[in-house]
Structure formats: structure tokens, C-alpha cells
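Asks: Supplied in C-alpha cells, the structure appears directly below.
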Amino acid sequence: MSELARQYDVVILGSGPGGIQAAIHASRKKASTLLLGRIADSSLFWAHVENYCCMFKVSGEEILRTGREQAQAFGAEFFDEDVLKVEKNGDLIVMETESGEIIEAKSLIIATGTTRNKLGVPGEKELLGKGVSYCADCDAGFFKNEVVVVAGCRSAAAGGAVTLSHHASETHLICNELDVSDKLRLRLVDAGVIMHEGRSIEKIEGEHAVTGVTLDDGEKLDCAGVFIELGAKGVLELAASLGLTMDESMRYVDVDRKQRTNVKGIFAAGDITGPPLQMAKAVGEGCVAGVSAAAHAKQFK
Ligand SMILES: Cc1cc2nc3c(=O)[nH]c(=O)nc-3n(C[C@H](O)[C@H](O)[C@H](O)COP(=O)(O)OP(=O)(O)OC[C@H]3O[C@@H](n4cnc5c(N)ncnc54)[C@H](O)[C@@H]3O)c2cc1C
């Protein structure tokens, strides 16, 4: 293991109900456990839950805050950052967070939910796959020496812009209010990403392929690619870098009854494994994943 890295038996990507339940079960099995992500980014945060067993009319925020305290009481640690990079290194899984922190795990549980938000502007749907993309890591190579635009204010957009800057001739980041760590902001500057803060895209231009975007003040920006990266680093990018198999729709990670993916030491739980996209399923799978991940980590001791 690297001496600079923070090391854990079990690392969980996602602080929603799936991740929190996994943390409760893993830490009760005496596995050192770290959760990444933010509870405010869980799709449950703004929900009012009426259909979860033994709870009637409870706010999602309250459930998540209680769950966080509960997991902490059993020894789990929380780190409110997204993971931008993850790879296998022998038996270990190595991650880099948005502030550049390196974390190593014996077992990894992916519980990142599923949301892949749309921008909802004219041209987005029509030009999907013709210059519009939702995955910088997957499609950056198609835009060598081209001008590209990235839309989004969070780690996915900033991380995607840094990746694209290695391929594109010019990378523009269009964002109302950038909300990333100071280190990630510095990486954007170092990568030469051109920032358009306080602005948004009104329309994606082009007939058969993207030719540009129109911004909210009417300015037109010529470009060949528009990357829509709203929110945190998504499942497609993480799955691609780890070699996880997905279902046919390429939205959900395949798991077995122990919540194991096809990659040894990597488990998945919650919305990321497919419908029903419900808290009850996320919690049940989180429980199984937490137990499986702790057992896997113990093999190293
Ligand atoms: C408006 C609304 C109402 C709902 N109402 C109900 C209801 O009444 N009953 C019900 O059962 N379900 C309801 N749901 C569904 C429920 O919220 C989800 O099924 C549940 O939250 C899924 O849990 P999860 O742990 O899989 O993912 P989520 O709760 O979505 O959590 C995902 C977590 O992953 C983290 N994350 C994402 N990317 C990264 C990354 N790169 N690195 C680190 N962390 C990352 C996020 O920060 C977040 O903490 C509702 C959903 C919505 C949107």
C-alpha cells in the first residue's frame, strides 16, 4: 500500500440509503469503513417518504441525517467529496477524490445512484451522439484538436473539462456557480480551461452535427462537442475505468446475489443496480453489500 494514501477495509462511493446501510453493516463487522459523496446529493434528500416499511411521512433529509449519525456511531467515517478517478491496483482499489486525496480500499461498494441530468435545451436530444455527450471520459478521444464546451458546475463537469483539455484544442466550462474543491478549481486553471461562470447554455446549434452553442446573453460559441456533466462523476465513467459489466441499457451495473460485480473486491448496491429505484431496495442491497465487502476485506488480514 502507498504510504501517502488513506487506507480502509471498505470504501463506499455514495452517501444515500444504499451506501449508508452498507456502512452500518460493514462497520459492525469491524471493517474500517469510509463513505464518500454527500447526503445532500442523494436522490432521497428532497423526497417525502410514505412507502418505506415502518416509517410514514418522513422527510428524506431526516432519514439521511439519522442514517449518517447511526453509521458514525458504529465507526464509519464520512468524507464529503466525490471520487473523480478509480482503478484497480492488484488486489486493491485506488481512488482519487476531487481535492486530490488518494484513498485505497480492500473492498469497494459502488452506491452512487443513477441520475444523469439533462440540460433540457433545444438541440440536446437531437444532437445526442452527434457531438452531444454525457461522458467526457468515454468520448474525449473523439474531439482531438477540436473546440469543446462542458456544461455543469460540479465535480463531474470540472473533472471532465480537465480530461478534455488533454485532447481538445480549447475547452470551455459553462457554469452558473462553480461548486468544487479549491484544488479542483486550481486544476482547471492549470489545464487552461476557459471559464464562463455566471452563464448558461440556451441552445445547442447544428443540424447533422454540433456546430456551436448559444449562451444566455446571446453570444454564440463555435464548438464541435458539448459535454453535459451535471452532478457527480457518473456510473458510466466509473464502470468504464474498472471494467464492470453493465446491463443492456448501459445504465445499471450487473451484480449477483451477494452484490458482487464481475470485478473481484467490487460490489454495487441501490439504484445503480437497476429498478425498482426505491429506498427499500437500496437499503436491502446495501445490507448485503456491506456484509460481503467486509468479508472480502477480511481475507487480507
Ligand atoms: C423526488 C424523489 C422522490 C422519491 N421518493 C421516494 C419514496 O417515496 N420512496 C422510495 O422508496 N424512494 C423514493 N425515491 C427514490 C430513492 O430516493 C432512491 O431509490 C434512493 O435514494 C437510492 O439510493 P442510492 O443509495 O442507490 O442512491 P442515492 O440516494 O441517489 O445516493 C447516491 C449517492 O452517491 C453519491 N455519489 C454520486 N457520484 C459519486 C462519486 N463519483 N463519488 C462519490 N459519491 C458519489 C452522491 O453524493 C450520493 O450521496 C425518490 C426519488 C426522488 C428523486
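Coordinate-derived values only; no laboratory data. If you're wondering where the values come from, they're calculated on a predicted model, not measured in any experiment. Here the Cβ positions follow ideal geometry from the backbone for every residue, glycine too, while neighbour counts run over all protein chains shown.
Asks: I'd like to compare 177-188, 123-134: which one has the highest average count of other Cβ atoms within 10 Å, and what's the full order after that?
Replies: Highest mean packing first, the order is 123-134, 177-188.
Asks: Now for a separate question. Which whole-Hz couplings ³J(HN,Hα) result when phi for each residue of segment 185-190 is put into the Karplus expression 6.51 cos²θ - 1.76 cosθ + 1.60, θ = phi - 60°, listed in order with x for Gly and Pro?
Replies: Residue by residue, segment 185-190 yields 4, 5, 5, 5, 5, 4 Hz.
Asks: Contact order normalised by length for segment 67-106, with contacts defined as Cα pairs under 8 Å and 6 or more residues apart; what percent is it?
Replies: Details: 43 pairs, mean separation 10.8, N = 40.
27 percent.
Asks: Could you tell me whether segment 150-301 comes out rounded, prolate or oblate from its Cα gyration tensor? Rule is a ≥ b ≥ c as square roots of the eigenvalues, rounded for a/c under 1.5, then prolate if a/b exceeds b/c, otherwise oblate.
Replies: prolate
Asks: Tally the DSSP beta bridges in the chain and give the antiparallel ones as a percent, rounded to 5.
Replies: Within the chain, antiparallel bridges account for around 40 percent of the total.
Asks: Expressed as a whole number of Å, what is the distance separating the alpha-carbon centroids of segment 163-181 and segment 2-47?
Replies: A separation of 28 Å, based on Cα centres.
Asks: May I pose another question? Relative contact order for the chain using alpha-carbon pairs under 8 Å, separation at least 6, rounded to a whole percent?
Replies: Across the chain, relative contact order equals 22 percent.
Asks: Only Cα pairs under 8 Å and at least 6 apart count here; give the relative contact order of segment 132-228 as a rounded whole percent.
Replies: 32 percent
Asks: Where does the charge balance sit around G270 when Lys and Arg score +1, Asp and Glu -1, over other residues with C-beta under 10 Å from its C-beta? It would help to have the intermediate numbers written out before the result.
Replies: Working: positive: K281; negative: D271, E285.
With Lys, Arg at +1 and Asp, Glu at -1, the net is -1.
Asks: Would you please put 158-165, 42-49 in order of how densely packed they are, using the mean number of other Cβ atoms within 10 angstrom per residue and starting with the highest?
Replies: 158-165, 42-49
Asks: Across segment 141-157, in residue order, what do the Karplus-derived ³J(HN,Hα) couplings come to in whole Hz, using 6.51 cos²θ - 1.76 cosθ + 1.60 with θ = phi - 60° and x for Gly and Pro?
Replies: Each residue's phi maps through the Karplus curve to give x, 7, 10, 4, 6, 9, 8, 10, 10, 10, 10, x, 10, 10, 4, 5, 5 Hz.
Asks: Separation of segment 256-283 and segment 87-143 by C-alpha centroid, Å?
Replies: Distance between centres, Cα-based: 18 Å.
Asks: Taking neighbour Cβ counts within 10 Å as the exposure measure, how do H167, H208, H296 sort from fewest upward?
Replies: Fewest to most other Cβ atoms nearby, the residues stand as H208, H167, H296.
Asks: Can you give me the long-range amide H partners of A47? Hydrogens built in the peptide plane at 1.01 Å from N, cutoff under 5 Å, separation of 5 or more residues or another chain.
Replies: Under 5 Å from the amide H of A47 lie the amide H atoms of G60, E61, each far enough along the sequence or on another chain.
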